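The values are calculated or read from the model by the stated rules, or taken from the named source; none is laboratory data. All values reported here derive from a predicted model rather than from experimental measurement. Every residue, glycine among them, receives a Cβ derived from its backbone with ideal geometry; neighbour counts consider all protein chains shown.
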Amino acid sequence: MTRRSGTDLGSPDPQQELADLSEAGLLRTLKPLDSPTGPRVMRDGRELWNFASNDYLGLATDPELAEAFIEGVRKYGAGSAASRLVCGTLPPHHLLEEALAAAKGTQAALVFSSGFATAVGSLPALAGKDDVLVLDKLCHASLIDGARLSGATIRVFPHNDTTKLARLLENIRAKQPAARVIVITESVFSMDGDLCPLTELIELKDRHGALLFLDEAHAFGVLGPRGMGLAAELGVKDRVDFQMGTFSKAAGLAGGYLATTTAWRDLLVNRARSFVYSTAPPPALAHAAMTSLERITSSDGDHRRKQLRENIAVLSAGHPSPVIPVLLGGNEAALEAAARLETRGFLVPAIRYPTVPRGTARLRISVSAAHPPDAVAALASEISPM
């Protein structure tokens, strides 16, 4: 990217950088909706089927969840007013963490303001300059940033390549037998929608004395008994050291969490900077998240997951998650396809570098249980020629 002086002092000119992004087909702009989110939205005066959001169970506009949020405001006020370690810890925060730990089958859980804050706070708290973090190449940006902030040595293995990971762990242990080694991956990868080989990863980390940090953001509410994720689905949740997740996707709200042992949780309370130095999430949000968790783990949650699986199958038979990519390669091809779908009444985003590797620009379809079958079938007809 070129830079042009904006003053005699040589300050970078943001207009030139924006022009470079535009020329490369990588410029992003904010495009507000004219309506609340949901399976059907308004943008620029047009009604569109929304296949862009991560509201996998259709809870973001659920009346019961909205009422729980309002009830939380009435009971606890609008904000927490301080960090959790000062005076910002309120009853809903503790109740939510206890309920999360019980649902995830762990000793404890800790709630953060977002999934991004969970990653960038937890990883530097868990590892330092004498340690090694080993990431899947397609890990989310928050995990990459958290790893960089830790100061630990970072190693990367090709996506889901357990053979390469095994060699990496062998070499790391040979050179740094006392290091804390953490393998970091996602259960459902956010741009490809595929699953990690979780059982094999657990066997490898156990064999080499490592820990496993599993980001269940796109699996929470979607996979496993009562929607508790891939680790629960495979019956290995007691062998995953750190289960990260968010309330911003299937739970229909906002916020993040890490479920782990009491000792690790207490260490995070003391060291995770995004927790220690950030105002606590609004208590009303935590109160509403309790209702969301109850819905996710109930028979209603089971019904929504069944409808979600049926909708996924219409678009991509056998696909394991509600994230369905349509790879197109070039940035312009992806942008043109998204624009064409919008003219046909569908909101489907074009995803480009750096969110995905260069040359792999795509449409990213997000399926929800709230999508009616006829809308899903209509989108399937639109994308079939692509």
Among the residues in region 64-82, are any under 21 Å from the mean Cα position of the chain (by Cα) and on the phi < 0 side of the Ramachandran plot?
yes
Qualifying position, being touching a Leu at 6+ places or on another chain (Cβ under 8 Å), in a helix (DSSP H, G or I) and within 30 Å of S278 (Cβ to Cβ), among L100, L18
L100
Within region 40-97, residues being touching a Phe, Trp or Tyr at 6+ places or on another chain (Cβ under 7 Å) and assigned to a loop (DSSP other than H, G, I, E, B) number 2
A19 being out of contact with any Pro (no Cβ under 8 Å at 6 or more places or on another chain) and surrounded by 13 or more Cβ atoms within 10 Å (Cβ to Cβ):
yes
Out of all the residues in region 61-82, is one or more under 25 Å from D241 (Cβ atoms) and modelled with pLDDT of 95 or more?
no
Exactly one of (1) surrounded by 14 or more Cβ atoms within 10 Å (Cβ to Cβ); (2) without any contact (Cβ under 8 Å) to a residue 40 or more places away in the chain; (3) more than 21 Å from the chain's Cα centre (by Cα) is unmet by P385. Its number?
(1)
Cross-chain or 6+ apart pairs with Cβ under 8 Å, region 304-330 first and free of Cβ contacts under 8 Å to residues at least 24 places away in the same chain and outside the structural domain of F51 (by TED's automatic domain parsing), then of a type in the set (A, V, I, L, M, F, W, C) and assigned to a strand (DSSP E or B)
S316/I324
Note on region 132-161: residues outside any strand (DSSP E or B) and surrounded by fewer than 18 Cβ atoms within 10 Å (Cβ to Cβ) are K137, A141, D145, R148, L149, G151, P158, H159, D161
Yes or no: T343 touching a residue at least 40 places away in the same chain (Cβ under 8 Å) and hydroxyl-bearing (S, T, Y)?
no
Could you run through region 327-363 and say how many residues are farther than 24 Å from R46 by Cα and hydrophobic (A, V, I, L, M, F, W, C)?
4
Members of region 112-131 that are among the hydrophobic types (A, V, I, L, M, F, W, C), part of a helix (DSSP H, G or I) and touching a strand residue (DSSP E or B) at 6+ places or on another chain (Cβ under 8 Å)
F116, A117, A119, L123, L126
